[in-house]
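Before any comments, here is the structure.
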Amino acid sequence: MTDEHSMEGKQSDPARTYDLVIVGGGPVGMALVLALRGSGISVLLLEARGLPEETEDARPLALSHGSRLILERLGVWRSLPSVTPITTIHVSSRGSFGRTVMTAGEVGVPALGYVVNHHDVFRSMHRALKRSGADYLTAAQALRLKADADVARIDFQHGDATQQAGTRLLVLADGGRLAAQVEGVTQHVRDYRQWAVVARVRSEYVPRLPEEAALPGLPVRGGGGIAASPAEAGVAYERFTPDGPVALLPMGEYFALVWTLPPAAAQGILALDETAFLARLHDRFGDRLGRFVEAGKRSGFPLALKYADPVTAPRVALVGNAAQTLHPVAGQGFNLGLRDAWELAREIIASPTEAGSSAMLARYRDRRRMDSGAGRIFTDSLVKLFSNDDPLLGSLRGAGLGALDCLPQVRRFVARRMMFGARG
Ligand SMILES: Cc1cc2nc3c(=O)[nH]c(=O)nc-3n(C[C@H](O)[C@H](O)[C@H](O)COP(=O)(O)OP(=O)(O)OC[C@H]3O[C@@H](n4cnc5c(N)ncnc54)[C@H](O)[C@@H]3O)c2cc1C
């Protein structure tokens, strides 16, 4: 397919009715279009923002092994410019001796996860989409939707004109902004009163290479030596502190920091100069990697739990952050959203004439219920257990991590959950 199928800068045909209209060309909406390539389903994708080449998003994404498999099938994986495998996850709690270490070797996979840049995923998908033949409008903001048992209609602004498209199935992949307009869908929201501060940081020391010499599917490593970079060592750290978790994910020469804090503390951290910021991080994270010596641009994201119930309504389905927005502590949000898109595409392809019917929507809802519910409860429990300064919970945290360290089957269970979802 060639670029002429992309509709950037063009008008959509206002009279046209599509099999599928997707509102929101974030990574989940784009993944859905790519998963439907070659199926013969007519698709219109509306994205409010302009071209992704112009958007910078400092967020790191930890992708599960399951997500890698999906992105490979979508033809996106090999065009990602930088992917760092995580082969070891080190989990600890500040102020207690409890800690646990999970390795890819013990779970029998090449990597426990992969760290990529959010904007790299966005750009790679955008390029694949332009070649896909789908009608794809950027700078097109959906305004109002209306749905009945037979058809859904969406009004959207594109340039100076307001246009309308009709569809048998309207998918909201817009992060949850339009869900309030969908009759019968309730959005549950709980503000965590926390922010995530994100930045690239460089540490004085790089972790040692793991003792095991060879992991399946990865090059042979020198057991126990000093690694040349965080990427070579492949160790991710999750450290729970009374303010909230500090995650350091290996990303090339750097670590990608995701530091969760109460809003006022986060604002304070964002306002610090680099030296003070690095010293504060060292104080919170501890001495495991020595001092922190360099930090890139810092960004802050307010955090809330949001989920829609149910995730379907007549002629409407919700996917990705529109269906559930989670705390980043367990790195589950995009992984879950990608599985939403994949499973919805499977349902549509299995029976194209049924797209948007109540039977098809019920099957999608049922397929996603367990995975989405388990992801939400797992993530929310981690936030409750690990993001507060209750001293009793502090001792429980340490004891829990110590016990987990002695129970390889439970560790494998947790690792598989994080890699493949509830069906892991
Ligand atoms: C700090 C942080 C770290 C994270 N780390 C991880 C991680 O390690 N692993 C992981 O799996 N997940 C992680 N996540 C979660 C992940 O970023 C999200 O789950 C993912 O981006 C959701 O993608 P989405 O496409 O569903 O929604 P979004 O990325 O919100 O995209 C929605 C799109 O819809 C568009 N849109 C909105 N309204 C309209 C409209 N009216 N008309 C047209 N378009 C519209 C928006 O412009 C946007 O492009 C993290 C999140 C944060 C905040």
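The values are calculated or read from the model by the stated rules, or taken from the named source; none is laboratory data. Note that this is a predicted model, so its numbers are computed, not measured. Positions of Cβ are generated from backbone atoms using ideal geometry, with glycine treated the same way; all protein chains shown enter the neighbour counts.
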Residue satisfying condition, being under 28 Å from D135 (Cβ atoms) and in contact with a strand residue (DSSP E or B) (Cβ under 7 Å, 6 or more places away or on another chain), within set L112, L51, L74, L32
L32
Taking segment 348-362 and the residues there that are of a type outside the set (A, V, I, L, M, F, W, C) and surrounded by fewer than 19 Cβ atoms within 10 Å (Cβ to Cβ), the one that is nearest to L36 (Cα to Cα) would be P352
Those residues that are more than 12 Å from the ligand (Cβ to nearest atom) and crowded, with 21+ Cβ neighbours inside 10 Å, I need them from segment 314-330; list them, please.
R315, V316, A317
Candidates R153, R144, R123, R168 - the one that is away from the ligand (no atom under 11 Å from the Cβ), surrounded by fewer than 20 Cβ atoms within 10 Å (Cβ to Cβ), of a type in the set (D, E, K, R) and at pLDDT 95 or above:
R153
Which residues, taken from segment 228-252, are more than 22 Å from the chain's Cα centre (by Cα) and of a type in the set (D, E, K, R)?
E232, D243
Which ones in segment 208-230 are surrounded by 21 or more Cβ atoms within 10 Å (Cβ to Cβ) and either touching a strand residue (DSSP E or B) at 6+ places or on another chain (Cβ under 7 Å) or modelled with pLDDT of 75 or more (or both)?
P210, P230
Just one of G333, G375, G286 is over 26 Å from K146 (Cβ atoms) and away from the ligand (no atom under 13 Å from the Cβ); which is it?
G286
Identify, please: which residue in segment 174-201 is among the aliphatic types (A, V, I, L, M) and more than 12 Å from the ligand (Cβ to nearest atom) and is, among those, surrounded by the most Cβ atoms within 10 Å (Cβ to Cβ)?
V201
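Residue-by-condition table, conditions (1) within 22 Å of V316 (Cα to Cα); (2) within 16 Å of the ligand (Cβ to nearest atom); (3) over 22 Å from the mean Cα position of the chain (by Cα); (4) not aliphatic (A, V, I, L, M):
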position	(1), (2), (3), (4)
R99	no, no, yes, yes
G105	no, no, yes, yes
A111	no, yes, no, no
L129	no, yes, no, no
D135	yes, yes, yes, yes
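One line per residue, one yes/no per condition, for (1) among the aliphatic types (A, V, I, L, M); (2) without any contact (Cβ under 8 Å) to a residue 60 or more places away in the chain:
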| site | (1), (2) |
| --- | --- |
| R291 | no, no |
| A295 | yes, no |
| P302 | no, no |
| L318 | yes, no |
| A322 | yes, no |
| L326 | yes, yes |
| G337 | no, no |
| E343 | no, yes |
When the residues of segment 54-83 are filtered to those that are assigned to a loop (DSSP other than H, G, I, E, B) and of a type in the set (V, I, T), which remaining residue is nearest to the ligand (Cβ to nearest atom)?
T55
Can you report the number of residues in segment 157-198 which are assigned to a strand (DSSP E or B) and more than 30 Å from Q267 (Cβ to Cβ)?
15
Test R68 against the criterion of being of a type outside the set (F, W, Y), in contact with a His (Cβ under 6 Å, 6 or more places away or on another chain), under 19 Å from G252 (Cα atoms) and at pLDDT below 95, and give yes or no.
no
Residue pairs meeting the criteria (Cβ under 6 Å; at least 6 apart or on separate chains; first in contact (Cβ under 8 Å) with a residue 24 or more places away in the chain, in segment 82-93; second polar (S, T, N, Q) and assigned to a strand (DSSP E or B))
T88/T103; V91/T100
